[in-house]
1. For the stretch 202-212, does any single residue satisfy the condition of being buried (at least 20 other Cβ atoms within 10 Å of the Cβ), in contact with an Asp or Glu (Cβ under 6 Å, 6 or more places away or on another chain), assigned to a loop (DSSP other than H, G, I, E, B) and of a type in the set (Ser, Thr, Tyr)?
2. Quick test for you: out of Val315, Val345, Val331, Val355, pick the one residue that is within 24 Å of Gly193 (Cβ to Cβ) and either in contact with a helix residue (DSSP H, G or I) (Cβ under 9 Å, 6 or more places away or on another chain) or open to solvent by 20 Å² or more (accessible area, probe 1.4 Å) (or both).
3. Do we find that Pro244 is assigned to a loop (DSSP other than H, G, I, E, B), modelled with pLDDT under 90, under 26 Å from the mean Cα position of the chain (by Cα) and surrounded by fewer than 16 Cβ atoms within 10 Å (Cβ to Cβ) in this structure?
4. Please pick out the residue among Arg459, Arg451, Arg436 that is over 24 Å from Gly291 (Cα atoms), out of contact with any Leu (no Cβ under 6 Å at 6 or more places or on another chain), surrounded by fewer than 22 Cβ atoms within 10 Å (Cβ to Cβ) and charged (D, E, K, R).
5. Across the stretch 308-351, which residue is nearest to Ile173 (Cα to Cα) among those that are modelled with pLDDT under 90 and of a type in the set (Ser, Thr, Tyr)?
6. Go through the residues of the stretch 179-200 one by one and say whether even a single one is out of contact with any Lys or Arg (no Cβ under 7 Å at 6 or more places or on another chain), open to solvent by 60 Å² or more (accessible area, probe 1.4 Å) and in contact (Cβ under 8 Å) with a residue 60 or more places away in the chain.
7. Of these, Arg404, Arg419, Arg410, Arg366, which one is in contact with a helix residue (DSSP H, G or I) (Cβ under 9 Å, 6 or more places away or on another chain), of a type outside the set (Ser, Thr, Tyr) and either open to solvent by 20 Å² or more (accessible area, probe 1.4 Å) or under 28 Å from Arg304 (Cβ atoms) (or both)?
8. Please pick out the residue among Arg384, Arg414 that is modelled with pLDDT under 90, under 26 Å from Val468 (Cβ atoms) and touching a strand residue (DSSP E or B) at 6+ places or on another chain (Cβ under 7 Å).
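The values are calculated or read from the model by the stated rules, or taken from the named source; none is laboratory data. Keep in mind the model is a prediction, meaning the values are calculated, not measured. For neighbour counting, all protein chains shown are included, and Cβ atoms are generated from backbone atoms with ideal geometry for every residue, glycine included. Note: accessible area is taken over every heavy atom of the protein model, side chains too, but ligands, DNA and RNA are not part of it. Shrake-Rupley method; radii C 1.70, N 1.55, O 1.52, S 1.80 Å.
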Amino acid sequence: MKVIIFAAIAALLVSTAAAGIVAQCRSEFRNANCRACAESATQGDSTSGPRPCGWCPPEAAGGAGVCHQLQSGTTPPCADVKRGNNIDTCPAPSGGGGGSTTCDPAQSSSCSTPRECSAGELPIRGDPPACCPTCSPRCQSGITEPASPICSPNRPPMVNMTSCTLSCKRPPICDRSTALDSVPECSATLAPGIDVTTGCPRCRIPSNRDCSTATCAPSVCSTGTLPQPDASNFCCLTCRPRPPCNPATCASSFAELRVCGSGETPAFDETTCCPTCRIEDPSTDRPGTDGTCTADNIRKCMQRRPVCEPGQRPVFDPSKACCGSCRRPQVLCDLTSVAECATTVRDCASGEEPVLLSTSCCPSCRPAEPTCTTTCTDSEICIRPRDVNGEAQPFVCRAFDLRRFIVNSRNSTRADVLRRFKANNVRQIIFELVERYCDKAENNDVCEKYRTMVIRSTRCTRTSADGVAPVTLECKIPRAASTSTRSNDSPSAMVSSAVTSSDEYEVQAEGGSSTSAATRDSLSLAVASILIALSMLAACVEAL
């Protein structure tokens, strides 16, 4: 009888402890006032170590989608969460976390007619279930595009949200399905640019052009100007992009943007960091009821999206579209061309960020590897974490998971390429597969957290002999600072999922996931508490 009582109490304690493990907010669950609740927003206390400021209540409590800020249990209390240029305090869940967490279209009729948004203002969706917007998007009848002049590659259209007009006519969205490699190489007589009749690059800068020793010192682009390859030196750009706006500003309002009209192409508005409208795909090409998309859905979605401009990042709405609001220029590049860039581009200057253009498969420069002021241990690597707004923070040493990747070719041509590739070239194949994995809206949740850290901080060593294929890499993938209740929610798990398929290369990922230090610490604390309680209960049972 004592054993049965002891086992029952132990099970009760374990289940109670498990219920206390709170899942962090997934991006699709964040409401308008809590978009910035992110795993990197942490505040320490004296007992359990770092804890995230923005958490969701347990799903068992019926309030899984409501973000709230921890008001107790931390020393000091969590600071306000920053979103864009505003300071927002996430609201506590009403009624003990049992409030509605989704928008109910049937209740939208209870919303009063919203005022028109002022110029530069974005509509923000209100709280569930009615989700009444704060204002109505401007230019409901569309934005007028003039017949002329035609926008030049370095002069994007200026958006006037007061008159609802553009300053120039844009080329159509490039719908080429063939790779960029089929485009002629740029030369002294064929300058980089866009074909105004197709919207596609009229030439390409080859990935094997050696720019590793190039010296570039472009000035910051003036207002209304975009960087382009320097016609006299394709290794450099005509100017450096201005600091990009914060994409989180648009993410919280993207669903409330007006739907683009028939034949209308969204223009990127730098003042709001948002497109002027959102493209709505046919119902047959939208995500299924389970939130997943077929490869054909994703392909068609990307064909309808314009190429991201320098400084623009795609915004995702996984419930309505299979891809982002714009597509990376490298979507039309084959993996080999992207991998060539790892050893041909120059190093970025201090404070310089790489720029992606549709005329090249390569970024304008390669970011320097993180360098910590303190020496990391053998079980750590140096990384540069990002805060809730994506802004770089000081370098820190972070534990890593070791993964082995075996990269083989699918044809003899690619086998010759692999034999001459260096470790960084093969690593770039893995990175580009991660980028393509993150081009899919259904993966946005995990990519939002880990993509930048993986791309910027993963270190790989070639363990197979030079000049032979397949190639084996051992990669140190940094672990997340905070823990997740989902076993597949980690940087290394994301990479392993991303490299499962490729038309050019066969990539196998080996190595099991390891429990992060934060997980071990939290589990140790939980286990210790349970064991202490069990010991006390055991003593009580013995006394019976």
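1. Taking every residue of the stretch 202-212 in turn, at least one turns out to be buried (at least 20 other Cβ atoms within 10 Å of the Cβ), in contact with an Asp or Glu (Cβ under 6 Å, 6 or more places away or on another chain), assigned to a loop (DSSP other than H, G, I, E, B) and of a type in the set (Ser, Thr, Tyr).
2. On the way: Val315 fails: within 24 Å of Gly193 (Cβ to Cβ); Val345 fails: either in contact with a helix residue (DSSP H, G or I) (Cβ under 9 Å, 6 or more places away or on another chain) or open to solvent by 20 Å² or more (accessible area, probe 1.4 Å) (or both); Val355 fails: either in contact with a helix residue (DSSP H, G or I) (Cβ under 9 Å, 6 or more places away or on another chain) or open to solvent by 20 Å² or more (accessible area, probe 1.4 Å) (or both).
It is Val331.
3. Details: assigned to a loop (DSSP other than H, G, I, E, B): yes; modelled with pLDDT under 90: yes; under 26 Å from the mean Cα position of the chain (by Cα): yes; surrounded by fewer than 16 Cβ atoms within 10 Å (Cβ to Cβ): yes.
Here the answer is yes, as Pro244 does meet what is asked.
4. On the way: Arg451 fails: over 24 Å from Gly291 (Cα atoms); Arg436 fails: over 24 Å from Gly291 (Cα atoms).
Of the residues listed, the single one that is over 24 Å from Gly291 (Cα atoms), out of contact with any Leu (no Cβ under 6 Å at 6 or more places or on another chain), surrounded by fewer than 22 Cβ atoms within 10 Å (Cβ to Cβ) and charged (D, E, K, R) is Arg459.
5. Ser319
6. no
7. Numbers: Arg404 fails: in contact with a helix residue (DSSP H, G or I) (Cβ under 9 Å, 6 or more places away or on another chain); Arg419 fails: in contact with a helix residue (DSSP H, G or I) (Cβ under 9 Å, 6 or more places away or on another chain); Arg410 fails: in contact with a helix residue (DSSP H, G or I) (Cβ under 9 Å, 6 or more places away or on another chain).
Answer to the selection: Arg366.
8. Working: Arg384 fails: under 26 Å from Val468 (Cβ atoms).
Criteria check complete, one pass: Arg414.
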